[in-house]
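J.: Can you keep this structure in mind? I'll have questions shortly.
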Amino acid sequence: MTTPTYLNVGIVGVGAMGRGIAQVAAQAGSRVFLYDTNAENLSLARTAVLDQWRRMVEKERLTPAEADSLATRLMACETLEALRDCDLVIEAIVERLDVKCELFATLEGIVAADATLATNTSSLSVTAIAASLRHPGRFAGYHFFNPVPLMRVVEVVAGLRSDEATCRKLTQYARDMGHRPVRAQDTPGFIVNHAGRGYITEGLRVVSEGVADFATVDRILRDQVGFKLGPFELLDLTGLDVSQPVMESIYHQYYEEPRFRPSVIGAQRLAGKVLGRKTGVGFYRYEGGKPVVPDEPPTPEVAEMPPFWVSPRAARRSELLALIHRLGGSIETGAAPSAQAVTLVAPLGFDVTTVSVVERLDPARTVGIDLLIDDAATRRRVLATNPATRRDVRDAAHALFARDGKAVSVIRDSGGFVTQRVLATIVNIGCDICQQGICTPEDLEAAVSLGLGYPAGPLGLGDRCGGTNILEVLFNLQTVYGDPRYRPSPWLRRRGALGLSLTHTEA
């Protein structure tokens, strides 16, 4: 084993986060000193880490000798003074600025002048915590994610007065622990919690407009994009008592930036203690720990399938025509649809209503289909009606596009359907993180992929769909909703307009 960057590491706070950091620090070769104000919790924490190593032995990921050696490197300390020889102290206590400031002021009088001090805060300003320190240059943010041994990304956050040497050492130590370090400037939410705002808040916004219910939104984003969990499954897993305060905190810290606007749905459910899995009911009801998910509506039976006419302005028009042909649909090729035809539109960002009016189509016979993503790359098709769409027209479109067995969701009218508006919001926020210089594009992609489990980082998602297409979606969403929430970041606007990859950086 190579010599770790820090030989003696103190961990203050022995909750799940503190225990996880202690485990990986000891496995990196450091001597770890655990401290907590609650002596009983301290003893239980050390035992919990030892139990983790015993389980690793059972799974043959450690030898018994290695586990015994690790145990000798993990010490429980009764006082803060016992951390005096630590060359790194990581705080993982309650998220209160006053409590953290008091702790670090005390630690400054205990540890050596060249020791590094770090906070695992996820929501407080690193600069604000360091403001009262005599030597703020040796202080930085060191934000891990639960469970630490499995979530192998750590944000190294530079406050305004953090020394570069401090951040370099913390970055290297993250590598010593087998983690992927990402460098961030001090800003609300840092990288991961900042970049993750779009997925949840836009999902809530979709439901608040009556476009679709919770389960349908989750199905669409899992099956069309490849997210492991839909936004409402994710909220139920983390708990609204955790997620809603973070949404509100980031929104207010950014002085009510519309891109981060929370939803009244979350606030109401938090007030009613409808928190998710932990309370047995959230956006889903849970029985035996498993969600009760409503069945999907059945595919309608259509006795006689009408012909289909596709708008000349439809996205991926040639692919849509080929799909209809493959599914056995009859296609009209005239300049305008006949009175019998189902009219198909495939807008980017616009709603079906706006397209019907602008293109002078009969809204009663018009249905939209979301083709931002190549149909072959998805496991679900999404159709949208407008308020005038006839039921038989909707049923015919649903039946046709379900003929090959692929799942079909039919939603109410929405600018950008579901996938377009959620993806565009994620991509736009990610682009603005790069525009602000909070982190590099490479670190953004790694942080989001590892920290949030997205199928790709925000810039990668944008490149998959095409930056120009994402830009068009946002411009048109702004037209439909008149909301500055959808204004494009300069990073996206310029690269999308030029047809460049969103990961492109200026020479």
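The values are calculated or read from the model by the stated rules, or taken from the named source; none is laboratory data. Since we're looking at a predicted model, the values are computed, not measured. Note that each Cβ is placed from the backbone with ideal geometry, even for glycine, and that neighbours are counted across all protein chains shown. For accessibility, only protein heavy atoms count, side chains too; no ligands or nucleic acids. Shrake-Rupley method; radii C 1.70, N 1.55, O 1.52, S 1.80 Å.
J.: Cα centroid distance between region 427-479 and region 328-352, in Å?
T.: Spelled out, the Cα-based centre of one part sits 32 Å from the other.
J.: For the chain, what does the alpha-carbon gyration tensor say about shape, rounded, prolate or oblate, given a ≥ b ≥ c as the root eigenvalues, a/c under 1.5 as rounded, and a/b over b/c as prolate?
T.: Values: a/c = 2.56, a/b = 2.12, b/c = 1.20.
Prolate, since a/c reaches 1.5 and a/b exceeds b/c.
J.: Could you give the angle, 0 to 90 degrees to the nearest 10, between helix 419-435's Cα long axis and the longest principal axis of the Cα atoms of the chain?
T.: The answer is roughly 40 degrees.
J.: Also, quick follow-up: For the chain, find the longest principal axis of its Cα atoms and tell me its angle to the long axis of helix 16-27, 0 to 90°, nearest 10.
T.: 60
J.: How do 172-184, 325-337 rank on mean C-beta neighbours within 10 Å, highest first?
T.: Details: 172-184: 19.9, 325-337: 13.2.
The packing order, highest mean first, is 172-184, 325-337.
J.: Quick check: at a probe of 1.4 Å, how many percent of the accessible area of region 197-241 sits on carbon and sulfur atoms?
T.: On the way: 610 of 1200 Å².
About 51 percent, which is the carbon plus sulfur part of the accessible surface.
J.: Further question on the same structure: Under the classification rounded if a/c is under 1.5, otherwise prolate if a/b is larger than b/c and oblate if not, where does region 1-69 fall, given a ≥ b ≥ c as square roots of the Cα gyration tensor eigenvalues? It would help to have the intermediate numbers written out before the result.
T.: On the way: a/c = 2.44, a/b = 1.24, b/c = 1.96.
Oblate is the answer for region 1-69, as a/c is 1.5 or above yet b/c matches or exceeds a/b.
J.: Still on this structure, please answer the following. If the cut-off is a Cα-Cα distance under 25 Å, which lysines reach Lys228, setting aside same-chain residues fewer than 8 apart in sequence?
T.: The qualifying lysines are Lys278, Lys290, Lys406.
J.: Now a separate question. Would you pull out the residues with amide H under 5 Å of Ala76's amide H, same chain only if 5 or more places away, H placed 1.01 Å from N?
T.: Those lying under 5 Å, H to H, from Ala76 are Leu34.
J.: Continuing with the same structure: Could you tell me how many degrees, from 0 to 90 and to the nearest 10, lie between the Cα long axis of helix 164-176 and the main elongation axis, the longest principal axis, of the Cα atoms of the chain?
T.: Roughly 80 degrees, rounded to the nearest 10.
J.: Calculate, for region 1-42, the solvent-accessible area per residue in square angstrom, rolling a 1.4 angstrom probe over the heavy atoms of the protein chains. Could the numbers behind the result be given before it?
T.: Details: 1580 Å² over 42 residues.
That works out to 38 Å² per residue.
J.: Could I ask something else about it? How many Å² of accessible area per residue for region 133-228, probe 1.4 Å?
T.: Value for region 133-228: 33 Å² per residue.
J.: A further question follows. Convert each backbone phi in region 289-294 into a coupling constant with the Karplus relation 6.51 cos²θ - 1.76 cosθ + 1.60 (shift: θ = phi - 60°), then list the ³J(HN,Hα) values in order as whole Hz, x for Gly and Pro.
T.: Running phi through 6.51 cos²θ - 1.76 cosθ + 1.60 with θ = phi - 60° gives x, 10, x, 8, 9, x Hz.
J.: May I ask you to evaluate 6.51 cos²θ - 1.76 cosθ + 1.60, the Karplus curve with θ = phi - 60°, for each residue of region 108-125 and list the ³J(HN,Hα) values in order in whole Hz, giving x for glycine and proline?
T.: 4, x, 10, 7, 5, 5, 9, 6, 8, 10, 9, 10, 8, 3, 10, 9, 9, 6
J.: Let me ask you something else. Please state the relative contact order of the chain as a whole percent: Cα pairs under 8 Å, 6+ residues apart?
T.: Value for the chain: 12 percent.
J.: Per-residue HN-Hα couplings for region 391-406, Karplus 6.51 cos²θ - 1.76 cosθ + 1.60 at θ = phi - 60°, whole Hz, x for Gly and Pro?
T.: 4, 5, 5, 4, 5, 5, 5, 4, 4, 4, 6, 9, 4, 8, x, 6
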